[in-house]
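Input: a single structure, listed below in structure tokens.
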Protein chains: 2
Amino acid sequence: MDNFLLAAIEEAKMGLEEGGIPIGSVLVRGGTIIGRGHNRRVQHSDPMAHAEIECLRNAGRIGNYGETVLYSTLMPCHLCAGAVVQFGIKTVIAGESVTFEGAVDFMRKNGVSVKDLNDTECIEMMKRFIEEHPEVWNEDIGA
Amino acid sequence: MDNFLLAAIEEAKMGLEEGGIPIGSVLVRGGTIIGRGHNRRVQHSDPMAHAEIECLRNAGRIGNYGETVLYSTLMPCHLCAGAVVQFGIKTVIAGESVTFEGAVDFMRKNGVSVKDLNDTECIEMMKRFIEEHPEVWNEDIGA
């Protein structure tokens, strides 16, 4: 499996252990992880703490995002896709989009290359969480 | 002047006094401010700390956003507009879009009612900042 997806899955699992939503993300540049994060809506009572936002925050003020690749265990929603488009991240690699289709069309329309790995572990992890905590998941995506 | 815009301008001025970018935002529901924030990219070295994101974070886990109105001294960028679309905020009121056109088309295409107040104080505040700190401003919007 893609090692960067594995790192994103590790982040998702940390979130789950903390009692949160299992979504993880890493930012990669030149073959190196320069930021990582996981969803912390529940842990920090913070509706903006989506995995990708936490990851980009953790990476800090890196300046230009042109050479970065954003991984997420789940297809980014409009909030996170908005960050991708605004900061000019050109490539997004998502673990899956079965449990949530995300803002893939919006990113592609704005010239972002989006790859969907359709990863079984990512799908099962989210399926289980959504079945067990549907209200937390719906709140997370404003549904 | 609209009192909620005034509150957003107060936030922007707080940011400026802290050495940051003068953009402020408030979230209003039922005629009451339920969240407020200002851009803190510089103060917290946090590229995600746009005014609207800080405001939504400050409001906390409010559940449904259907009855909320988001004010910002400046037209929201794609990151902040992405939050608006994802969480179903139906009305956005911006102080101005002269210094930055923002993601107004994206929001309107997604059914958000966007009002531009074309406020002189907001325009002058941003113009002055951009003239004095063009590199900080460009970094903030990924330009």
Report summary line: Filtering segment A:14-42 for residues that are under 15 Å from residue A:125 (Cβ atoms), in contact (Cβ under 8 Å) with a residue 12 or more places away in the chain and of a type outside the set (Gly, Ala, Ser) leaves a count of 8
Report summary line: Screening B:55, B:80 for residues that are within 21 Å of residue B:135 (Cα to Cα) and either aliphatic (A, V, I, L, M) or facing another protein chain (nearest Cβ under 10 Å) (or both) leaves only B:80
Report summary line: Only unsatisfied item for residue A:66, checking (1) under 14 Å from the mean Cα position of the chain (by Cα); (2) at pLDDT below 95, is (1)
Report task. Give segment B:58-77 a look and list any residue that's within 23 Å of residue A:89 (Cα to Cα), in contact (Cβ under 8 Å) with a residue 60 or more places away in the chain and more than 9 Å from chain A (Cβ to nearest Cβ), or say none. Result -> none
Report task. Would you mind telling me which numbered condition in (1) free of Cβ contacts under 8 Å to residues at least 60 places away in the same chain; (2) in a helix (DSSP H, G or I); (3) more than 20 Å from residue B:114 (Cβ to Cβ); (4) among the β-branched types (Val, Ile, Thr) residue B:53 fails? Result -> (3)
Report task. Would you point out the residue of segment A:16-50, among those that are away from chain B (no Cβ under 12 Å) and assigned to a helix (DSSP H, G or I), that is surrounded by the fewest Cβ atoms within 10 Å (Cβ to Cβ)? Result -> A:17
Query - Evaluation of residue A:141 against (1) in contact with a Cys (Cβ under 7 Å, 6 or more places away or on another chain); (2) without any contact (Cβ under 8 Å) to a residue 40 or more places away in the chain; (3) surrounded by fewer than 23 Cβ atoms within 10 Å (Cβ to Cβ) (one fails), failing number - result: (2)
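When you scan segment B:65-104, how many residues do you find that are assigned to a helix (DSSP H, G or I) and under 9 Å from residue B:52 (Cβ atoms)?
Of the residues in segment B:65-104, the ones assigned to a helix (DSSP H, G or I) are B:78-87, B:104.
Then drop every residue that is not under 9 Å from residue B:52 (Cβ atoms), which leaves B:79-81, B:83-84.
Residues in segment B:65-104 being assigned to a helix (DSSP H, G or I) and under 9 Å from residue B:52 (Cβ atoms): 5 in total.
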Report task. Quick one: in segment B:94-129, of everything that is under 16 Å from residue B:39 (Cβ atoms), crowded, with 17+ Cβ neighbours inside 10 Å and away from every other protein chain (no Cβ under 14 Å), which residue is farthest from the chain's Cα centre (by Cα)? Result -> B:129
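The values are calculated or read from the model by the stated rules, or taken from the named source; none is laboratory data. A quick note: this is a predicted structure, and the numbers were derived from the prediction, not measured. Every residue, glycine as well, gets a Cβ built from its backbone with ideal geometry; the counts of neighbours run over all protein chains shown.
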